[in-house]
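As structure tokens, the structure follows; a few thoughts come after it.
The values are calculated or read from the model by the stated rules, or taken from the named source; none is laboratory data. Everything numeric in this text was worked out from a predicted model, so none of it was measured. Cβ atoms come from the backbone with ideal geometry, glycine included; neighbour counts cover every protein chain shown.
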Amino acid sequence: MLCFRKGYFLISCGLLLLEVLIALFVHDRIIRPYAGDFLATIFVYCLFSSFVRASVGRLALVALAFSYLIEGLQYINLLDRLDWHSRAARIVFGSHFEWSDLLAYTLGALLVVGLEYARPGGRAPAQKLAGER
């Protein structure tokens, strides 16, 4: 069901800004390659949660599948195959496949699910979706 949730939207905007700052200005061996990917799935989850009302598990799986899809496109070098060498495209889609990215995406999705279940009045139980406002 479509909806708009301001809180998730604001979080996704903040995460997007953080991701762009990491991509542009952090050139290390830990934060950029691991924390950026970890946050990517959380960003996608929050963005989807901004506009779609569904169970936490379902949205987390969709966000994780989306993250895996992007990584799979890196594996087949899609940007190079399309001869798309834009810096913006490389920042958004990444430029090379890493198995460790899949682990980072998975850990991000697990954190989202854990936080949703742990927060007071969280959305985790499926039966709560029907009456949620």
Q) Looking only at the stretch 68-121, which residues are closer than 18 Å to C46 by Cα, without any contact (Cβ under 8 Å) to a residue 60 or more places away in the chain and small (G, A, S)? A) G114, A118, G121
Q: Give the residue that is surrounded by the fewest Cβ atoms within 10 Å (Cβ to Cβ), with candidates limited to residues of the stretch 32-46 that are more than 16 Å from I70 (Cα to Cα) and at pLDDT 90 or above.
A: A35
